[in-house]
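Reviewing the structure listed below.
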2 protein chains.
Amino acid sequence: MAASNSHSNSARAKRATIEDVASAAGVSVATVSRAMRSLPNVAISTRQRVVDCATALGYTADPAASRFAAGQTKTITVVVPNLSGWYFSNVVAGAEAVCTEAGYDVLVVGVGSRSDLTRILCEQYHLERRTDGLLAVEVVVSPDEAASIAERGVALTSVGGQNAGHPSVRIDNQLVGRLAADHLIDLGHRRVGMIGAQKDNPMSFDVPGLRHDGLVQGLAAHGVIFDDELLAGGNFDVDGGQEAMAALLDHRDPPTAVFSMSDEMAFGAIMELDKRGLRAGRDVSLVGVDNHEFSRVVSLTTIHQSVADHGATAARLLLDSMRADGDTTPLAPASDAASVVAGVDLIVRDSTGVAGTVATH
Amino acid sequence: MAASNSHSNSARAKRATIEDVASAAGVSVATVSRAMRSLPNVAISTRQRVVDCATALGYTADPAASRFAAGQTKTITVVVPNLSGWYFSNVVAGAEAVCTEAGYDVLVVGVGSRSDLTRILCEQYHLERRTDGLLAVEVVVSPDEAASIAERGVALTSVGGQNAGHPSVRIDNQLVGRLAADHLIDLGHRRVGMIGAQKDNPMSFDVPGLRHDGLVQGLAAHGVIFDDELLAGGNFDVDGGQEAMAALLDHRDPPTAVFSMSDEMAFGAIMELDKRGLRAGRDVSLVGVDNHEFSRVVSLTTIHQSVADHGATAARLLLDSMRADGDTTPLAPASDAASVVAGVDLIVRDSTGVAGTVATH
DNA sequence: CTGAAAGCGCTAACAC
DNA sequence: GTGTTAGCGCTTTCAG
């Protein structure tokens, strides 16, 4: 058969096939297949012999072939906006470790826009016979899309938000806001500003909205009503944070404390304070979210979340859910999908201080 | 579109196959295959008809099947230590964008240790019939491994270092050291310290060694000899940087300036300075490497490199090299592989200042 | 517990 | 230009 591939000098070394192993072990290919995959119904001695021959020949099942034949890809794909961001790369790192450990390949695809996302979630190319599961990181999958994905037989779990009937891991974003509010109130602040998203992003879960509400409610619980004029868009990056803080400071009645929805924006805010000769924690209190490594450097008070763990947990949930519905389990209509709400913690550093010591600027 | 999938509740909708399209268009499967892939030798009208039928049926070639049949995976895998690091996630992001754009899937696999790496580069599983190309990010592939990879027909290109005969993108790490030396010398510093790797990492290219040599040579060019006692290991992370700076400051004759081989370590160094009531740029000059987003926040003088671009460029090189040897080009034995040395720039901020104003501490 | 045989859906020669 | 026909290497009924 396809034995001597005679051609060019640089000819590729030929792989051992399942047949080679079969004849070497004196069994059929079916048995080899079973033995190699540790399926039942193979005599222990046979299995051993097969495995030995396989190792001897350096045999490994051709992934392309098994995928094709079995219809399973042993691949999960993680869909993520902006791979280079701190949050995302940490989530992906956590997920990758778990998937690799479980013998799954991880494909990563970046989505820059809602249309990218739609394309990916709809095109069969990206789904059918291509991946066994989808890990959606901070991207909202519409119910229709989720249904279509499920119908195509690919599992779905998300981190950062939730899709009805699918596993997810997320944090309580309102709690995040409330934690910030409580802390600031404790320090005596009554006029607090907020740095959030620039505008609604149709692609991701409403994290900004929830954190916003949390802060507002948290303040309200102490009789403080949030002044909408003190909400500035920071685009979740350093520059945006800086601009937002500038806007806040330029307000005729500036806040004495600011809640930044991410540490990165808070860093930008700190730059702006520096620029004006102000100091976080003394002139203006500032609390971020994430507990980014760098927050320690500038001693930023922040609300910690274990991002890499979220990714790892989500990957486990995804893998579990795939194990569950072995392709044919129309029993429970994905009733109560495992879904974890991870904890968050306020970490107090020097960027927040008691109100009243505020310098007049 | 993919309209009426009649049947059972949970049964997966059946995909249209190439045969469906063939009969719908009244041509053979071969023609459909050719038409769909824009191969030559298909009448323009025929192609159109086929494409129309395909869209009508919502047909897309089953990736698993084509991969199997064609022996090409249309997948590149990027091998990277520590996906969550700033440097790595940026490289991967740059590469991912290019690969996706080119229609390649990107598989990412993290390697935590040299043994992981070896396993991945040797196991056939990870290479043969699994990926068309490997992008090795800051991992050194031994000549033997490179040869074996090539023999298996998978392309290889690396970022951060070079493998003879394979494309690569990297920076001139000695130049980085020299740039730092020149700048510090210009400011009048004669006693400069250095924060580098903790110890030799057998997995990655000798970036620390090259930067070290560059600094030493740069200083020497101005008649300053580097004191080996002023070399501290910082492990390329914030904590390590802090410890290293502490060690340097505790030296009986501390440096007036410090070259940190990465911004992240420099951030740690800044923490240590803060802790001791010292300030970068006034008490001790500090220059980092990377131009990490946050270096602006702490006004760190640094040596910029366009990390995401490196990833993108490397991906292009990889893709090009795959196009070149269409599986049978034993012509040039990979004589002179395209290999780019990206530029770096010194960015002066406030963390460096003229020597002599140094406070006695 | 094991073997024989029928594909999985597509690509690639090779004819026409 | 287009059709025919082998497989790609493995998994998986179905018999035994």
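No value in this document is a laboratory result; all are computed from the given coordinates. Note that the structure is a prediction, hence the values are computed from the model and not measured. Because the Cβ atoms are built from the backbone with ideal geometry, glycine has one as well, and the counts that use them run over all protein chains shown.
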Just add up the charged neighbours of B:H310: K/R +1, D/E -1, any other residue whose Cβ is under 15 Å from the Cβ of B:H310. -4
Normalised by the residues of chain B, what does the relative contact order come to in percent, with Cα pairs under 8 Å and at least six apart? 16
Per residue of A:129-137, count partner chain C-beta atoms within 10 Å of its C-beta, then hand back the mean as an integer. 2
By its C-alpha gyration tensor, with a ≥ b ≥ c as the square roots of the eigenvalues, how is the protein assembly as shown shaped: rounded for a/c under 1.5, else prolate for a/b larger than b/c, else oblate? oblate
Per-residue Cβ counts within 10 Å, from other chains only, averaged over A:290-303: what number is that? 4
Percent relative contact order for the range B:172-304, counting Cα pairs under 8 Å at least six residues apart, stands at 25
Of A:L210, B:A136, B:A22, farthest towards positive along the dipole that unit charges on Lys, Arg, Asp, Glu beta carbons give the protein assembly as shown: B:A22
FRET efficiency, 1/(1 + (r/R0)^6) with R0 41 Å, evaluated for B:A102 and B:V354 via beta carbons: 0.25
Take every residue in peptide B:58-68, count the Cβ atoms of other chains within 10 Å of its Cβ, and give the average of those counts. 6
Toward the positive end of the charge dipole of the protein assembly as shown, about the Cα centre and with charges on Cβ (Lys, Arg +1; Asp, Glu -1), which of A:L179, A:A221, B:C53 goes farthest? B:C53
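In debye, nearest 20: dipole of the protein assembly as shown around its Cα centre with unit charges on the Cβ of K, R (+) and D, E (-)?
Details: 58 positive and 86 negative charges, 352 e Å.
Magnitude of the dipole: close to 1680 debye.
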Compute the whole-percent fraction of alpha carbon pairs in the range A:172-304 spaced more than 18 Å apart. 46
Pick out which of A:L278, A:L215, A:L135 has the largest mean-square fluctuation in a Gaussian network model of chain A, springs linking Cα atoms closer than 10 Å. A:L278
When the charge dipole of chain B is computed with +1 on Lys and Arg Cβ and -1 on Asp and Glu Cβ about the Cα centre, the Cα farthest towards its positive end, among B:I195, B:H304, B:C122, belongs to B:C122
Answer rounded, prolate or oblate for chain A, using the Cα gyration tensor with square roots of eigenvalues a ≥ b ≥ c: rounded when a/c is under 1.5, else prolate when a/b is larger than b/c, else oblate. prolate
Once a ≥ b ≥ c are taken as the square roots of the eigenvalues of the Cα gyration tensor of the range B:131-198, is the result rounded (a/c under 1.5), prolate (a/b larger than b/c) or oblate (a/b not larger than b/c)? prolate
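Please work out the FRET efficiency for the pair A:A338 and A:D172, using the Cβ-Cβ distance as r and a Förster radius of 22 Å; give the result to the nearest 0.05.
0.85
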Report the label-to-label distance for B:I225 and B:S28 in nanometres (one decimal), using points 7 Å from each Cα along the Cα→Cβ vector. 8.1
Springs between alpha-carbon atoms under 10 Å, Gaussian network over chain A: tell me which of A:T157, A:T118, A:T313 tops the mean-square fluctuations. A:T118
Nearest 20 debye, what's the magnitude of the dipole of chain A about its Cα centre given +1 on Lys and Arg Cβ and -1 on Asp and Glu Cβ? 1220
For A:L346, which inter-copy label distances result when the label point lies 7 Å beyond Cα on the Cα-to-Cβ vector, reported in nm to one decimal and in ascending order? 4.7
Put a point 7 Å out from Cα along the line to Cβ at A:A221; what are the distances to that point in the other copies, in nm, shortest first? 6.1
Label-to-label distance, nm, for residues given as B:H251 and B:L39 (7 Å Cα→Cβ offset): 6.6
Rounded FRET efficiency, nearest 0.05, which uses the C-beta distance separating A:E151 from A:Q217 and R0 of 35 Å: 0.35
Taking N as the number of residues in the range B:235-301, what value does Rg over Cα atoms divided by 2.2 N^0.38 Å take? 0.97
What gaps in nm, shortest first, separate B:H251 from its twins in the other copies when you place the label 7 Å past Cα toward the beta carbon? 4.9
Rounded to the nearest 500 deg cm²/dmol, what is the calculated helix-only ellipticity per residue at 222 nm for the protein assembly as shown, with -39500 (n - 2.57) per DSSP H run of length n ≥ 4? -12500 deg cm²/dmol
